[in-house]
Amino acid sequence: ENVEVLSTYFYVGTVLTLLICVLLGKEIFQSRLFYYLAIPVLVVRTFPRVAFTCWGGFRYYFGLLSVWAFTRFLKSERIEYIFFGGVCAGIAASISIEIGVCSMVSGIFTLWAMIRKRGPNLKLSFMALGAGFLAAVLPVIVFLYMNSALAQYFEAIGAVVLGWGQMNAMQGVPCLPHEFIMVMLNPGQEHFKHITPAYLYIFLGYYFYRF
């Protein structure tokens, strides 16, 4: 019975992740043709039952939802979007610390992009981002503290962060900056496939810079 509940959690999280990816693509892709072609590829890649557990349930959903909110903030400059993005980043961090960190970095880069556009009050925007994040994280911290589980929670975070780095080092995955760059420039290297998302990040960074 518990396994079925866990399976449902991952499955529903995958479906929601798929839906938010579609909405996010609508905000980002300027070419409707590319957008329509990307949707079936996304469905095939994420929806099969044999792969959905790899997507981690709701953690990617809330992480991508924060990116969607930041994208909407770039277009509308409405402060409630940056606050909502902070809330989603806080929820993502409560589920999976690395997703929350990446979401907050996305929010910070969004505000950096707004500096170039001379957008809304940046101080107020940073405060809204931080307030949204804390609004989601503080209740979790209080709950864990009241149940004497806060120390164990931080121990688990430390184990995940340190274990991830140690696992990559054992597998030979580049961790240092110069190793990372060398693998990026060498498609014949066995770990090149682990680095290819960096090209996507560079492309998106340039896109938002030019936005």
Item to check | Complete set of residues in the range 59-80 that are among the aromatic types (Phe, Trp, Tyr) and more than 13 Å from the chain's Cα centre (by Cα) | outcome: PHE73
Checklist entry - Yes or no: GLY119 modelled with pLDDT of 85 or more, surrounded by 14 or more Cβ atoms within 10 Å (Cβ to Cβ) and over 30 Å from PHE192 (Cβ atoms)? => result no
Checklist entry - Would you say LEU129 is touching a residue at least 12 places away in the same chain (Cβ under 8 Å), over 22 Å from TYR153 (Cα atoms) and either open to solvent by less than 30 Å² (accessible area, probe 1.4 Å) or under 16 Å from the mean Cα position of the chain (by Cα) (or both)? => result yes
Checklist outcome for this item: Inside the range 82-103, the number of residues satisfying the requirement of being of a type in the set (A, V, I, L, M) and surrounded by fewer than 21 Cβ atoms within 10 Å (Cβ to Cβ) is 3
Checklist outcome for this item: Within the range 104-116, restricting to residues that are surrounded by fewer than 17 Cβ atoms within 10 Å (Cβ to Cβ) and under 19 Å from ILE28 (Cα atoms), the one that is farthest from the chain's Cα centre (by Cα) is ARG116
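The values are calculated or read from the model by the stated rules, or taken from the named source; none is laboratory data. This structure is a prediction, so every number in the text was calculated from the model and none was measured. Please note: Cβ atoms are built from the backbone with ideal geometry, for glycine as well, and neighbour counts cover all protein chains shown. These area figures cover heavy atoms from the full protein model, side chains too; ligands, DNA and RNA do not enter into them. Shrake-Rupley method; radii C 1.70, N 1.55, O 1.52, S 1.80 Å.
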